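Everything below concerns the one structure shown next.
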2 protein chains.
Amino acid sequence: MTDALETLKTSIKALVEVKKYATLRDILSTMNAADIASLLEDIDDQMVPLLYRLLPKELAADTFVEMEPDTQEMLIRGFSDSELKEVVDELYVDDAADLVEEMPANVVKRILMTADAEKRQMINNILKYPDDSAGSIMTTEFVELRPHMTVEDAILHIRRSGINKETINNCYVTSKDRRLIGVVTIRDLIMNESEQTMDQLMEDNIISVETITDQEEVAQMFSKYGFLAMPVVDTESRLVGIVTIDDVLDVLEEEATEDIEKMAAIVPADKPYLRQTTFDLWKSRIPWLMLLMISATFTGMIITSFENALAKFVILTAYIPMLMDTGGNSGGQSSATVIRALSLHDVEFSDLPRVIWKEMRVALLCGLTLAVCNFAKLLLFDRLAVPVALVICLTLVVTIFCAKVIGCTLPMIAHRIGFDPAVMASPFITTLVDAISLLVYFQFATRILGLS
Amino acid sequence: MTDALETLKTSIKALVEVKKYATLRDILSTMNAADIASLLEDIDDQMVPLLYRLLPKELAADTFVEMEPDTQEMLIRGFSDSELKEVVDELYVDDAADLVEEMPANVVKRILMTADAEKRQMINNILKYPDDSAGSIMTTEFVELRPHMTVEDAILHIRRSGINKETINNCYVTSKDRRLIGVVTIRDLIMNESEQTMDQLMEDNIISVETITDQEEVAQMFSKYGFLAMPVVDTESRLVGIVTIDDVLDVLEEEATEDIEKMAAIVPADKPYLRQTTFDLWKSRIPWLMLLMISATFTGMIITSFENALAKFVILTAYIPMLMDTGGNSGGQSSATVIRALSLHDVEFSDLPRVIWKEMRVALLCGLTLAVCNFAKLLLFDRLAVPVALVICLTLVVTIFCAKVIGCTLPMIAHRIGFDPAVMASPFITTLVDAISLLVYFQFATRILGLS
């Protein structure tokens, strides 16, 4: 699949060079918009407008939507007003709104001037909703039916108006005051007799979201209910738009990326990696590095306060990294598991006692397994004395126990008080567990080895 | 939304207690299958079969699909053969195959005995494909049309056969030998004149996957092309099934969970957290903990070999945790970013030089920022001598540099040689960076402070 695409890219580049435009047009017309867009991203910038103009009108608009903002901007700057109008007219209103959000002010002005009044109004309507809300990802182009319409009326209505709608698979039945009263699928229309009316056919137990609902919640509802589209209503239950499942796929990917970034102590960015500048990356990484570096001061202070003991028993220092890493890894496992379970709604705050109880048992099991193996290794390979090995292995068990309990508890508490649990992931837990493991280590050393 | 559901649960529990079955039936009939399922999961086990039997037949089957395997098994064990047949008959074949995979052998036997011969055949067909392949998530119930059919024929065909199909939104045109030759959407059928034929209407530039294509790749294609369904063909291009987008949502969630688990040094499990036993959790966590604990031996050996130097300059020990943690966090940031970019196909192996160059610059910028702040802190607060502070800060810069370069390179190399890049995440990088940071630390200490 991908290899075939690579071969195609090579041939197209060759054809551009020998100016075989008719052949190029024929090849491009058989291709899918997403593939053409990825081809245009790969090709020399100067050739892009030329290839783009070879595309049939509708395919051109579809391809335009799939391109990266940089390429879109370059193309728009080269467009005449009438070329721009052709593209904007073909765009679905949610894609047009996305475009307006990505472009610099002067380009936006040209786009809005080219759009007809109705479309401009619709674009502006979408833009007024907060980022990451259902309103900001919805489209206002949907099929709206009335309760008294028959199947025949409805199909006629769709044939007349459906061409500009993003989907006709779900149609929405509204009352005179635009309140949403039912949903009819295209399947219902096909499968039923032509004289049946919408109020007989429609599903009136409707699940909808509000314009301000968070997009992550919208995505969760899609995967819970298996919908292809979800109606969006305003505070007075009037239907204002629909969210379609293709936009939800993007939301799911975006949210998973955000979680992974937060869990790796990165402030999430909304651009793909290669499009971020060095400074962008620095900005999203330095805050947590700085904070965690400063927190590590405490670990240093703990070591300093046991400086004399360590000087007497330098061998203990050699096991500090192993203890700290194992503690960090154990805590990181628990926090990652719980953070993911929280974001999939597999676990709620009320499950906290169950979760802690489970983690405590897992911690003991893991701790004992590791301690036994480690004890054998310390005696047989490192040839340590039994009391020293005992100090190390007891610390291991206690550290893993604390790490797992903290690792599962902190994300759930964060979630409960309205913070993002993903922030309580491995790097944060590691810093905390480091301090704990050292304190435990020196306590055991003091008691068992008689250090002070 | 969720609160309303909670209130409803309370009322339903109350109604069960006073045995108001007619009222309960009325309430349940207005509810969505996914909501009823989540209600039944919450309620006392003994009441579940009772409530379930109140549901209308079709809603009962839909609800059954949404339930957890434990509850499904409990219900099946209570079903009479005819009740079981009712449910199995209503299930789509891909859901039936999922059920068969989850149930213990004796329950599976009953399910397959109850299913009619055709359905049993279809279930077995799906089960023969490897886990996580397109074949294992596809359904074999799709609308198949012939090229010579007119729109009118096609709609008639759908009305006759569509009731059992999972989707009618995409219909597939096949030749006599069942080769896939085109795709027609329901929109094409509605929007065109009734005498047009399928070969005139159909899109013949088809994107399809093979039965053995990995489900992750299938999901990526859905988000790239914005499809609602994807045809699945065998090695001879014969159409054998379709994957629908609702199954892709599950795949996307599952794959993101797997990535997060691998990145946190957990061997992925396919059960939700609360359904895993202590032993399950131990099994998925202990391998990496053990491996990483053993690898930490090297860090210990490095410290041991500088034991004498450390004894003379114990203060150096106090900064080991800070250096190791900052190195680990820096490397973890880079690896998490690159792993995610790889799985979204934002980055490919051929981008390696670009990625390394970017990370080198970010590393220098981050390293210098942290080193300058740290230097000030070491002199002003910790009151260290300039040479000691210099050793610590130079180590910081070099460690961050190595951590970021390793952090971005290892996942890309792993990806290239066919391993899962997610394994090269924070815990692994941390262990490696720990050793590097200590070696660098002791080198600088030896040179600048004259230790040996």
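How about region B:408-421: which of its residues are more than 10 Å from chain A (Cβ to nearest Cβ), within 23 Å of the chain's Cα centre (by Cα) and either at positive phi or in a helix (DSSP H, G or I) (or both)? Write out each step before concluding.
From region B:408-421, those more than 10 Å from chain A (Cβ to nearest Cβ) are B:409-421; that's our starting set.
Checking which are within 23 Å of the chain's Cα centre (by Cα) leaves us with B:410-421.
If the condition is that a residue be more than 10 Å from chain A (Cβ to nearest Cβ), within 23 Å of the chain's Cα centre (by Cα) and either at positive phi or in a helix (DSSP H, G or I) (or both), then B:LEU410, B:PRO411, B:MET412, B:ILE413, B:ALA414, B:HIS415, B:ARG416, B:GLY418, B:PRO421 are the ones that fit.
In region B:400-416, how many are under 19 Å from B:GLY367 (Cα atoms) and open to solvent by 40 Å² or more (accessible area, probe 1.4 Å)? So that I can check it myself, show each step before the final result.
As a first pass, look at region B:400-416 and keep what is under 19 Å from B:GLY367 (Cα atoms): B:400-409.
Subsequent filtering for residues that are open to solvent by 40 Å² or more (accessible area, probe 1.4 Å) retains B:401.
Selection size over region B:400-416: 1.
The rows are residues; the columns are (1) in contact with a Phe, Trp or Tyr (Cβ under 8 Å, 6 or more places away or on another chain); (2) crowded, with 20+ Cβ neighbours inside 10 Å; (3) under 16 Å from B:ILE126 (Cα atoms); (4) touching a residue at least 24 places away in the same chain (Cβ under 8 Å).
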| position | (1), (2), (3), (4) |
| --- | --- |
| B:GLU66 | no, yes, no, yes |
| B:ASP70 | no, no, no, yes |
| B:LEU75 | yes, yes, no, yes |
| B:VAL88 | no, yes, yes, yes |
| B:PRO104 | no, no, no, yes |
| B:ARG110 | no, no, no, yes |
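Among the listed residues B:ILE356, B:ILE392, identify the single one that is within 12 Å of chain A (Cβ to nearest Cβ) and out of contact with any His (no Cβ under 8 Å at 6 or more places or on another chain). Can you show your working first?
On the way: B:ILE356 fails: within 12 Å of chain A (Cβ to nearest Cβ).
Checking each option against the conditions leaves just B:ILE392.
Beta carbons closer than 7 Å, at least 6 apart along the sequence or on distinct chains, pair a first residue in region A:301-320 that is under 18 Å from A:PRO387 (Cα atoms) with a second that is outside any helix (DSSP H, G or I) for A:ALA309/A:LEU451; A:ALA309/A:SER452; A:LYS312/A:LEU451; A:PHE313/A:LEU451.
The single condition from (1) open to solvent by less than 20 Å² (accessible area, probe 1.4 Å); (2) at pLDDT 90 or above; (3) among the β-branched types (Val, Ile, Thr) that B:THR317 fails is (2).
The listed residues are B:VAL397, B:VAL433, B:VAL391, and the only one of them that is assigned to a helix (DSSP H, G or I), surrounded by fewer than 24 Cβ atoms within 10 Å (Cβ to Cβ) and among the hydrophobic types (A, V, I, L, M, F, W, C) turns out to be B:VAL397.
Just a yes or no: is a residue in region B:5-14 among the aliphatic types (A, V, I, L, M), surrounded by fewer than 16 Cβ atoms within 10 Å (Cβ to Cβ) and either in contact with a strand residue (DSSP E or B) (Cβ under 6 Å, 6 or more places away or on another chain) or more than 14 Å from every other protein chain (Cβ to nearest Cβ) (or both)?
From region B:5-14, those among the aliphatic types (A, V, I, L, M) are B:5, B:8, B:12, B:14; that's our starting set.
Cutting the leftovers down to surrounded by fewer than 16 Cβ atoms within 10 Å (Cβ to Cβ) gives us B:5, B:8, B:14.
Adding the requirement that they be either in contact with a strand residue (DSSP E or B) (Cβ under 6 Å, 6 or more places away or on another chain) or more than 14 Å from every other protein chain (Cβ to nearest Cβ) (or both) leaves B:14.
Yes: one or more hits.
With the requirement that a residue be away from chain B (no Cβ under 11 Å) and within 17 Å of B:GLU348 (Cα to Cα), what does region A:24-39 give you? Within region A:24-39, just A:LEU39 meets the criteria. Residues that are without any contact (Cβ under 8 Å) to a residue 12 or more places away in the chain and under 15 Å from the mean Cα position of the chain (by Cα) within region A:224-249 comprise A:ASP246, A:LEU249, listed in sequence order.
Taken together, the residues in region B:133-149 that are over 20 Å from B:ALA97 (Cβ atoms) and surrounded by 14 or more Cβ atoms within 10 Å (Cβ to Cβ) amount to 4.
Filtering A:ARG383, A:ARG354 for residues that are on the phi > 0 side of the Ramachandran plot and out of contact with any strand residue (DSSP E or B) (no Cβ under 7 Å at 6 or more places or on another chain) leaves a single hit, A:ARG383. Say whether the condition of being within 11 Å of chain A (Cβ to nearest Cβ), open to solvent by 50 Å² or more (accessible area, probe 1.4 Å), within 25 Å of A:ASP346 (Cβ to Cβ) and at pLDDT 85 or above is met by at least one residue in region B:53-63. Looking through region B:53-63, at least one residue is within 11 Å of chain A (Cβ to nearest Cβ), open to solvent by 50 Å² or more (accessible area, probe 1.4 Å), within 25 Å of A:ASP346 (Cβ to Cβ) and at pLDDT 85 or above. Checked across region B:282-295, the condition of being crowded, with 23+ Cβ neighbours inside 10 Å and either touching an Asp or Glu at 6+ places or on another chain (Cβ under 7 Å) or small (Gly, Ala, Ser) (or both) holds for no residue. Take B:ILE123 and decide whether it is over 30 Å from B:GLN220 (Cβ atoms), modelled with pLDDT of 80 or more and buried (at least 20 other Cβ atoms within 10 Å of the Cβ). So B:ILE123 fails the test.
When only residues in region B:150-176 that are within 20 Å of B:GLU90 (Cα to Cα) and among the hydrophobic types (A, V, I, L, M, F, W, C) count, which is surrounded by the fewest Cβ atoms within 10 Å (Cβ to Cβ)? For region B:150-176, the residue satisfying everything is B:ILE163. Selection over region B:208-234 of residues that are farther than 28 Å from A:VAL151 by Cβ and out of contact with any strand residue (DSSP E or B) (no Cβ under 7 Å at 6 or more places or on another chain) gives a count of 8.
One line per residue, one yes/no per condition, for (1) of a type in the set (S, T, N, Q); (2) surrounded by fewer than 21 Cβ atoms within 10 Å (Cβ to Cβ):
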position: B:PHE349; (1), (2): no, yes
position: B:VAL355; (1), (2): no, no
position: B:CYS366; (1), (2): no, no
position: B:LEU370; (1), (2): no, no
position: B:ALA385; (1), (2): no, yes
position: B:GLY418; (1), (2): no, yes
position: B:ILE429; (1), (2): no, no
position: B:SER437; (1), (2): yes, no
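On the stretch given as region A:9-52, residues that are among the charged types (D, E, K, R), in a helix (DSSP H, G or I) and in contact (Cβ under 8 Å) with a residue 24 or more places away in the chain total 6. The number of residues in region B:84-123 being closer than 22 Å to B:LEU55 by Cα and either of a type outside the set (Ser, Thr, Tyr) or not in a helix (DSSP H, G or I) (or both) comes to 15.
The values are calculated or read from the model by the stated rules, or taken from the named source; none is laboratory data. Quick caveat, the model's predicted, so the values are computed rather than measured. For neighbour counting, all protein chains shown are included, and Cβ atoms are generated from backbone atoms with ideal geometry for every residue, glycine included. Accessible surface areas use protein heavy atoms only, side chains included; no ligands, DNA or RNA. Shrake-Rupley method; radii C 1.70, N 1.55, O 1.52, S 1.80 Å.
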